[in-house]
Amino acid sequence: MGKLSPWHIILSILIATYVMLSPLTTGATEEYARQTGKSCAICHIDPSGGGELSPPGRQFAESLSAQSAKPTSIIILSKGFHFLVGYLHILTAFLWFGTILYVHLVLKPAYASSGLPRGEKRVGIISMIVMGVTGVILTKFRFDSPEVLLQSRFGILLLVKIGLYLIMVSTAAFVVIVIGPRMRQKRSSGTSLVKIGDMVDDELALCDGKEGRPAFFAYNGTIYDASESHFWKQGSHMGRHQAGSDLTEILAQAPHDSELIARLPTVGRLVAGGKRVAPLHERVFYFIAYMNLIIVFLIILILALWRWW
């Protein structure tokens with residue numbers, strides 16, 4: 001057997017502790033409501049339920065505690081474990097959602113279009129596992145049975161939140177297993193995937209001379225290959241002009257004449273007004289990326305509805 005990683009140990013401890021402590025949980029808010037026939041706002045300061053109790057809520061909880069034969073130390077241990085799991089759940093959500101927002105708002109999804117970075121992928125996978133385990137534990141603490149979920153607004157919103165989480169997990173697994181390898185293949189293939197012949201602007205932009213890609217540029221409608229020229233190292237000419245674009249206007253002002261440019265091998269013609277059609281797996285990647293961004297905002301909306309609506 002291989003050596004267990006720290007994350008395996010943490011998850012094992014959480015699951016084992018949950019199994020030991022789950023039978024010790026007290027009645028949930030919805031259970032109190034069924035017994036008293038009153039709304040959550042009667043026993044809780046937060047109208048949606050949960051959190052700090054109002055004076056009637058504390059009185060009712062004390063009456064239940066008096067009837068319980070559980071030792072005080074075990075009750076405190078159960079509450080402490082509940083708090084720890086909740087804290088870990090929120091912390092992981094910050095890490096996961098923060099990574100998604102950072103990639104979209106700062107780096108842009110194109111940052112990962114040539115292959116999923118290891119750091120972001122590792123954070124996402126660990127976050128999904130931890131949030132799933134802690135979410136199950138928190139739900140068990142709050143609800144006695146699945147049927148109770150449909151008997152309160154909090155439970156219905158929780159079901160929606162769980163559904164959104166499952167969508168994110170399933171699409172993330174699809175990206176990692178199916179789309180990720182294809183994007184890595186595109187990145188490692190280098191020049192093998194570069195089109196030779198007539199190009200549109202988007203296709204020409206891929207040939208910027210960096211990371212093993214060819215250095216193509218357009219001049220007067222013709223695309224030239226400067227990959228072998230020592231004047232175009234890393235796709236940059238004299239540190240001023242970058243390959244992968246139409247340099248007709250810029251090179252017209254160059255101190256040398258066009259005969260030097262004509263000596264370079266030609267690739268094809270630049271097709272004006274055309275647009276590159278991205279492969280299917282790349283389009284699916286962008287769709288899933290923006291869909292997950294929308295899901296993040298929907299989950300935050302649900303949290304706001306729980307707390308303030």
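Readers should treat all values here as calculations from the given coordinates under stated rules, not as data from a laboratory. Remember, predicted model here, so these are calculated numbers, not experimental data. Neighbour counts run over all protein chains shown; Cβ positions are idealised from the backbone, glycine included.
Worth pointing out:
- Cβ-based exposure ranking for 150, 264, 88, in which fewest neighbours within 10 Å come first: 150, 88, 264
- By the count of other C-beta atoms within 10 Å, a proxy for reagent exposure, 230, 281 are ordered fewest to most as 230, 281.
- If you plug the beta carbon distance of residue 206 and residue 307 into 1/(1 + (r/R0)^6) with R0 = 41 Å, you get a FRET efficiency near 0.30.
- Put in order of Cβ neighbour count within 10 Å, fewest first, the listed residues 219, 87 become 87, 219.
- Placing a pseudo-label 7 Å from each Cα along the Cα-to-Cβ vector at residue 272 and residue 249 gives an inter-label distance of 1.3 nm.
- Taking label points 7 Å from Cα along the Cα-to-Cβ direction, residue 290 and residue 263 give a separation of 4.7 nm.
- Cut-off 20 Å (backbone N to label point 7 Å along Cα→Cβ of residue 169), residues of the range 76-100: 85-100
- Nearest-0.05 FRET efficiency for residue 120 and residue 153, computed from C-beta distance (R0 30 Å): 0.30
- Formal net charge of residues neighbouring residue 236 (Cβ-Cβ distance under 12 Å; K, R +1; D, E -1): +2
- Stretchable slack from residue 283 to residue 42, in nm (0.36 nm times residue separation minus alpha-carbon distance): 81.7 nm
- Computed 3J(HN,Hα) for the range 160-165, one whole-Hz value per residue from the Karplus formula 6.51 cos²θ - 1.76 cosθ + 1.60 where θ = phi - 60°, is 4, 4, 5, x, 5, 4, glycine and proline marked x.
- Across the range 282-293, rounded Karplus estimates of 3J(HN,Hα) from the backbone phi angles (6.51 cos²θ - 1.76 cosθ + 1.60, θ = phi - 60°) give 6, 5, 5, 4, 5, 4, 5, 4, 6, 5, 5, 4 Hz, Gly and Pro being marked x.
- Packing-based ranking, highest mean first, of 118-129, 200-211 given that Cβ atoms within 10 Å are counted: 200-211, 118-129
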